[in-house]
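The values are calculated or read from the model by the stated rules, or taken from the named source; none is laboratory data. Since this is a predicted model, take the numbers as computed values, not measurements. Every residue, glycine among them, receives a Cβ derived from its backbone with ideal geometry; neighbour counts consider all protein chains shown.
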Amino acid sequence: MKNFIAKFWAILSIFLLLGSFMFGQQLQDLLMKAPFMRIDPSFSGGEVESTINQGAYTINIHQKVFPALIGEGSEGFRQITVIKNDSTINNYNLEPFAADSLTTVKIVENVPEITKNGATFTIEEVGLSNKNLIFRIYEKR
């Protein structure tokens, strides 16, 4: 009986391996839609906390993320994604908006200017992806 189970498992694993190579993308898409799967917030920016619609733009403000191997780390970020609703716009120019109660963001010529606790600084890590402007506000606890 053990011999039969071992051979059955070996043959089954060969078919699973071949199937994963041939249908890898479809398998990946299927797993990504499964309710028990979550994307690491370091890649996705975390869950969307609030959405602001400013006509030509939609702004998604993500929850704060403090990634660590186990639990939460001391350094983290808040991702903000600005989506163009109007394809004729070349540059992002947004009036100031609140990311949270302490943080205000203003964007001029695709460069976000952050005001936090009265101090103003510019985020240099800016990613332009298709019609999205993605940037992260880094912070420590």
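Could you check how many residues of segment 96-110 are touching a strand residue (DSSP E or B) at 6+ places or on another chain (Cβ under 7 Å), farther than 10 Å from Y57 by Cβ and not in a loop (DSSP other than H, G, I, E, B)?
Within segment 96-110, the subset touching a strand residue (DSSP E or B) at 6+ places or on another chain (Cβ under 7 Å) is 96-99, 102-107, 110.
Among the residues that remain, those that are also farther than 10 Å from Y57 by Cβ are: 96, 98-99, 102-106, 110.
Of the ones still in play, those that are also not in a loop (DSSP other than H, G, I, E, B) are 96, 98, 103-106.
So the answer is 6.
So that you can scan it fast, the table gives a plain yes or no per residue for (1) in a strand (DSSP E or B); (2) within 29 Å of G73 (Cα to Cα); (3) in contact with a Lys or Arg (Cβ under 6 Å, 6 or more places away or on another chain); (4) without any contact (Cβ under 8 Å) to a residue 24 or more places away in the chain:
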{"site": "I5", "(1), (2), (3), (4)": "no, no, no, yes"}
{"site": "I11", "(1), (2), (3), (4)": "no, no, no, yes"}
{"site": "I14", "(1), (2), (3), (4)": "no, no, no, yes"}
{"site": "S20", "(1), (2), (3), (4)": "no, no, no, yes"}
{"site": "Q26", "(1), (2), (3), (4)": "no, no, no, yes"}
{"site": "I39", "(1), (2), (3), (4)": "no, yes, no, yes"}
{"site": "F43", "(1), (2), (3), (4)": "no, yes, no, yes"}
{"site": "I52", "(1), (2), (3), (4)": "yes, yes, no, no"}
{"site": "G55", "(1), (2), (3), (4)": "no, no, no, no"}
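This table checks each residue for (1) on the phi > 0 side of the Ramachandran plot; (2) within 26 Å of the chain's Cα centre (by Cα); (3) at pLDDT 85 or above.
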position	(1), (2), (3)
K2	no, no, no
A6	no, no, yes
A10	no, no, yes
Q25	no, yes, no
L30	no, yes, no
D40	no, yes, no
G45	yes, yes, no
V65	no, yes, yes
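If a residue must be at negative phi and without any contact (Cβ under 8 Å) to a residue 12 or more places away in the chain, how many such residues does segment 105-124 contain? Break it down into steps so the answer makes sense when it comes.
Here is the first cut: in segment 105-124, the ones at negative phi are 105-108, 111-116, 119-124.
In the following step, the residues that additionally are without any contact (Cβ under 8 Å) to a residue 12 or more places away in the chain were identified as 113, 119-122, 124.
Here the count works out to 6.
Which residues, counting only those in segment 94-136, are at pLDDT 85 or above and within 19 Å of the chain's Cα centre (by Cα)?
Result: A99, D100, V105, P112, L133, I134, F135, R136.
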